[in-house]
Every structure is written in C-alpha cells, then in structure tokens.
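Asker: Take this structure first; my questions come after.
All of the numbers you see were taken from the coordinates with simple rules; none came from a lab. Just so we're clear, the structure is a prediction, and the values are computed from it rather than from any experiment. For neighbour counting, all protein chains shown are included, and Cβ atoms are generated from backbone atoms with ideal geometry for every residue, glycine included.
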Amino acid sequence: MKNATMSVAVMGDRIEFSFPEIGEIHKIQLEDLSQEILVQATLHGIKQKCVDAAALSRDPTTGRSATVVEKRDAVAEMIERLMSGTWNDRGAEGSSALLNALIAAYPDRSRDSLSTWLKTKSDKEKRALRNSAKLKPFLREEPSAAGDALLEEIAG
C-alpha cells in the first residue's frame, strides 16, 4: 500500500512502514508480538475481511443498494473461502457477485450446490459466465454465448 506520505510492505513475517519524506522506516516482526496481540490482530483481520466483503457497490443503473441477503451471502462466501485456506481469491475475482447472480438466476438450486459447481469452473469459464446473457441482468455486463453454453449444465 502506498500513499503520499507512507508506504507499507509485507515481507514474510515482517511489515515495514516507510515515511520517505522524513527518511524513517518502522518495522514490526510477528515473532516480537505476544500471543494475545497475534490473536487480536488475527480476529481484526478476519472481521475486516468479512466486513469488506459485505461492502457491495450500488447498482450503477438503478442506484439500488445491496440487500441484506446479498450482504449476508457475500459474508458467507468470504467465510467459506477463508475456511478453505484462501485469503485472496485473485484468480476468481468477482466470484461473490457471480455466485449471487447464479443464486438469483436459479432460485430452485441451493447456494451450496451452485457454489460447488462454480468452484469446478476455470477462470476462463467464470469470465464467460459473468458475460452470459442469462446472468447479465444480475451482473450488468455484456452477454456471452460461451457462458450461456456452460449454464446448460445447470439447466440440464
């Protein structure tokens, strides 16, 4: 992370806070922290990760805020991802929105079954799904024939 006065770098088990304007660097090593501080930092990080997941954008067309159910689903997906051992899911960027779109498009299917199905898809397939005509109303993106073909597996 970088801003005008400070940059932060995580390097292994160390975090460095650099203040280039005044030529200072402050470091913190995990091994120098007490177990109590490590637990509190862990809980804070997990809490913030889930809160961030629930901070869904407004619909740019309607201005509608995310519903409580959409926020709950985003938190549930984040917890599921953390429990699976993944902190950042860069390879499946937008998968929370994609799962929510699948849930909306296929209300007769369970969240778990759709989530499990979605996990079997490659990044390329997930991009195609995000561009599917069937999911477009829920994602507000351009339609994709490849995504529509993948959805045949659910409809099947």
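Asker: Can you tell me the FRET efficiency between Ser122 and Ser34 if r is taken as the Cβ-Cβ distance and R0 is 30 Å, rounded to the nearest 0.05? Could the numbers behind the result be given before it?
Answerer: Details: r = 43 Å, r/R0 = 1.44.
FRET efficiency, Ser122 to Ser34: 0.10.
Asker: Excluding same-chain residues fewer than 8 positions from Lys119, which lysines have a Cα within less than 26 Å of its Cα?
Answerer: Lys47, Lys49, Lys71, Lys134, Lys136
Asker: Just to confirm my numbers, what's the Cα centroid distance between region 96-123 and region 8-66 in Å?
Answerer: Answer, in whole Å: 29.
Asker: Binning every alpha carbon pair distance of region 8-55 at 5 Å from zero, what are the percents per bin?
Answerer: 5, 18, 17, 21, 18, 13, 7, 1
Asker: Could you pull out every residue, at least 5 positions away or on a different chain, whose amide H is within less than 5 Å of the one on Leu56? Hs are placed 1.01 Å off N in the peptide plane, and Pro or chain starts have none.
Answerer: Sorted by chain and number, the residues that satisfy this come to none at all.
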